[in-house]
Amino acid sequence: MGSEERARKLLDSELKVINLGLDVFYSSLEMQNVKVINVDWKPAPKLDEESEDILDKIL
């Protein structure tokens, strides 16, 4: 299968999305009847060095 044929197959397939934390993006996809799963995710906050050391000792 050539690259053009693989690209065509990909573009013709049903879109399935995993959304990470962007509610507006999730809502937009839902309104377009795209199969989408929303994961409520946020990056870990940046902690000061003392707090990181304490957490490292606990974990």
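Whether a residue is loosely packed, with under 11 Cβ neighbours inside 10 Å and free of Cβ contacts under 8 Å to residues at least 12 places away in the same chain was assessed, and D23 does not pass this test. Residues of region 26-59 that are modelled with pLDDT of 95 or more, at negative phi and not acidic (D, E): Y26, S27, S28, L29, M31, Q32, V34, K35, V36, I37, N38, V39. Pairs meeting the criteria (first residue in region 33-45 and more than 19 Å from L55 (Cβ to Cβ) and without any contact (Cβ under 8 Å) to a residue 40 or more places away in the chain, second residue polar (S, T, N, Q) and not in a loop (DSSP other than H, G, I, E, B), beta carbons under 8 Å, at least 6 apart or on different chains) are V36/N19; I37/N19; N38/N19; V39/N19.
What about L11, is it of a type in the set (A, V, I, L, M), surrounded by fewer than 10 Cβ atoms within 10 Å (Cβ to Cβ) and part of a helix (DSSP H, G or I)?
yes
The values are calculated or read from the model by the stated rules, or taken from the named source; none is laboratory data. The shown structure was predicted, so the numbers you read here are calculated from the model rather than taken from an experiment. All Cβ positions, even for glycine, are placed from backbone atoms using ideal geometry, and neighbour counts span all protein chains on display.
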